[in-house]
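Colleague: This is the structure I have questions about; it appears just below.
The values are calculated or read from the model by the stated rules, or taken from the named source; none is laboratory data. Predicted, not measured: the structure shown is a model, and the values here were computed from it. Every residue, glycine among them, receives a Cβ derived from its backbone with ideal geometry; neighbour counts consider all protein chains shown. When the accessible area is computed, the model is the full protein with side chains, heavy atoms only, and any ligands, DNA or RNA have been set aside. Shrake-Rupley method; radii C 1.70, N 1.55, O 1.52, S 1.80 Å.
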Amino acid sequence: MKLTKVILLLLVTSISTLCTNAPQSECSPYMDRAEQMFSKTWTLYRVPQYSLFSEYYPSSHHPDLTYFNDGAKNAQQTSFLWPMSGMFSSTVYLTGLDRQKYEPYLDSMVMAVEMYYDDTRVPAGYQAYPVQFGAVDRYYDDNGLVGIDYAQAYMATGNALYLERAKHVMTFILSGWRPDHDGAVSWVEGAQDQKPCCANGKAMVLALKLYEATK
């Protein structure tokens with residue numbers, strides 16, 4: 001799923017850039033390819049009983065996942081937040097290109113992302129796995145991706161709720177600010193030994209998008 005996420009996100013982001021600056025006739029082949037890959041991923045990876053997505057295709061494949069702070073975890077019946085955010089990102093970009101067609105998908109993705117929202121800890125934030133399955137770690141880079149997508153969704157649709165959620169994500173990330181790191185956040189909530197680019201770079205992009213949206 002990690003490779004699928006990266007390919008899908010890069011493809012749709014590239015299409016967004018190309019279609020913004022090119023006549024529709026030039027955009028069409030790339031847009032067709034993006035839509036085909038989006039449709040295939042949505043169909044093959046979606047887990048209808050949860051309205052979420054699987055980590056891998058086929059969904060019966062449950063290998064160890066190595067992108068966690070506390071060691072490998074076995075793939076579960078639905079995906080962790082990090083890979084699912086690729087579908088959220090691609091849906092947001094496609095909505096920006098064809099709102100009428102893709103906004104229903106965006107509505108579904110928003111409901112899916114909110115299944116990871118944990119408001120039992122203060123401040124509230126998005127944890128790595130759906131809250132209905134129990135409490136797990138909350139990663140600042142995961143939250144950065146969610147915030148960026150919500151800010152982008154606001155700019156694509158004008159829905160003020162998305163902007164408010166992006167701001168809430170920024171509040172969560174800033175709660176992890178560590179002056180002893182010369183100003184930065186860790187990778188995961190509660191960690192004291194790192195200030196990775198994956199968390200701080202996304203936080204900076206989110207801050208820039210919030211400024212773009214609000215000035």
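Colleague: Given the residues LEU106, LEU97, which is the only one that is modelled with pLDDT of 95 or more and surrounded by 13 or more Cβ atoms within 10 Å (Cβ to Cβ)?
Modeller: LEU106
Colleague: Between TYR162, TYR211, which is within 26 Å of MET111 (Cβ to Cβ) and aromatic (Phe, Trp, Tyr)?
Modeller: Only one candidate passes the filter, namely TYR162.
Colleague: Step by step: first the residues of segment 171-203, then only those that are crowded, with 20+ Cβ neighbours inside 10 Å and in contact with a Gly (Cβ under 7 Å, 6 or more places away or on another chain), then the one that is farthest from TYR154 (Cα to Cα). Which residue is that?
Modeller: Going through the qualifying residues, I end up with SER186.
Colleague: For ASP193, are the conditions met, namely being among the acidic types (Asp, Glu), at pLDDT below 95 and not in a helix (DSSP H, G or I)?
Modeller: Answer is yes for this residue.
Colleague: Next question, about the same structure. Test of understanding: among VAL146, VAL122, VAL131, which residue is surrounded by fewer than 23 Cβ atoms within 10 Å (Cβ to Cβ) and either modelled with pLDDT under 95 or under 24 Å from ARG46 (Cα atoms) (or both)?
Modeller: VAL131
Colleague: Take the conditions open to solvent by 60 Å² or more (accessible area, probe 1.4 Å) and closer than 30 Å to ALA184 by Cα and apply them to MET155. Does it pass?
Modeller: yes
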